[in-house]
Amino acid sequence: MGNTVPATIRLVICDDHRVLTDALALIVRGDPSLELVADPVQDPDDAIGLCREHHPDVVLMDLVLNARLNGIEATKEIKQVSPESRVVVMTGQPDDRSLVAAVEAGASGFLNKTTALDTVVEAVKAAAEGEILIDPATLARVLGTLARERESREDSERVLKELTEREREILDMLAGGRRNQDIAETLFISPQTVQTHVRNILRKLRVHSKLEAVALAVRHGETPS
């Protein structure tokens, strides 16, 4: 809101459902206030290239694509090459986790693929005006989830940093499937010392098992794949 809307809204469509994209393209081409910068594309890499070249006002991006990138990953790259472009994610099965990921990637809103085509067109215009395309109840739920996940992630990253170098080394070995006896022999320490380090790791990470500790570390990229 408060944004200057261009006389002609320039649009990129990326979706691998040809029936949908052909119908959308037909409607867009019949609306003088809208302009496709190119024919609809099916590959997110093509959409990213179009955004890098044309800097469209709005991008309609499918969430699930049979390509190198999914819609969320593509959204993140589009916002890097064309920060001013507003990306609207289209999905047939919205779920909170996907919505949170899309918000974090920089999406301006979401459309269900069951939405009527004329409503999609109106949504494109609203996105160009800077509107958030999500109903208030869903927005509140998504933002709540986003805040909780970010708080949890930041907290986990903080406690992982509290581990000593030796504790990180042992956690890495646990992630590699090594047993306490094997770890002890590799590090030239006693199994009892390994157990003490493991107890300290569990205490610092506030988890109840080695499996939880390993899962937390892997989730935050603290161990090699």
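The values are calculated or read from the model by the stated rules, or taken from the named source; none is laboratory data. Predicted, not measured: the structure shown is a model, and the values here were computed from it. Methodologically, a virtual Cβ is constructed for each residue, glycine included, from the backbone with ideal geometry; neighbour enumeration extends over all protein chains shown.
A few notes on this one:
- Set 23, 67, 7: member being aliphatic (A, V, I, L, M) and at pLDDT 90 or above: 23
- Counted residues, the stretch 63-79 - those being of a type in the set (S, T, N, Q) and under 19 Å from residue 18 (Cα atoms): 2
- Flag if residue 16 is more than 23 Å from residue 129 (Cβ to Cβ) and part of a loop (DSSP other than H, G, I, E, B): yes
- Wholly enclosed helices (runs of 4 or more DSSP H) of the stretch 55-144 bearing at least 3 residues closer than 14 Å to residue 44 by Cβ, in the same structural domain as residue 14 (by TED's automatic domain parsing) and not acidic (Asp, Glu): 71-81
- Residue 31 under 14 Å from residue 121 (Cβ atoms), in contact (Cβ under 8 Å) with a residue 40 or more places away in the chain, assigned to a loop (DSSP other than H, G, I, E, B) and out of contact with any helix residue (DSSP H, G or I) (no Cβ under 6 Å at 6 or more places or on another chain): yes
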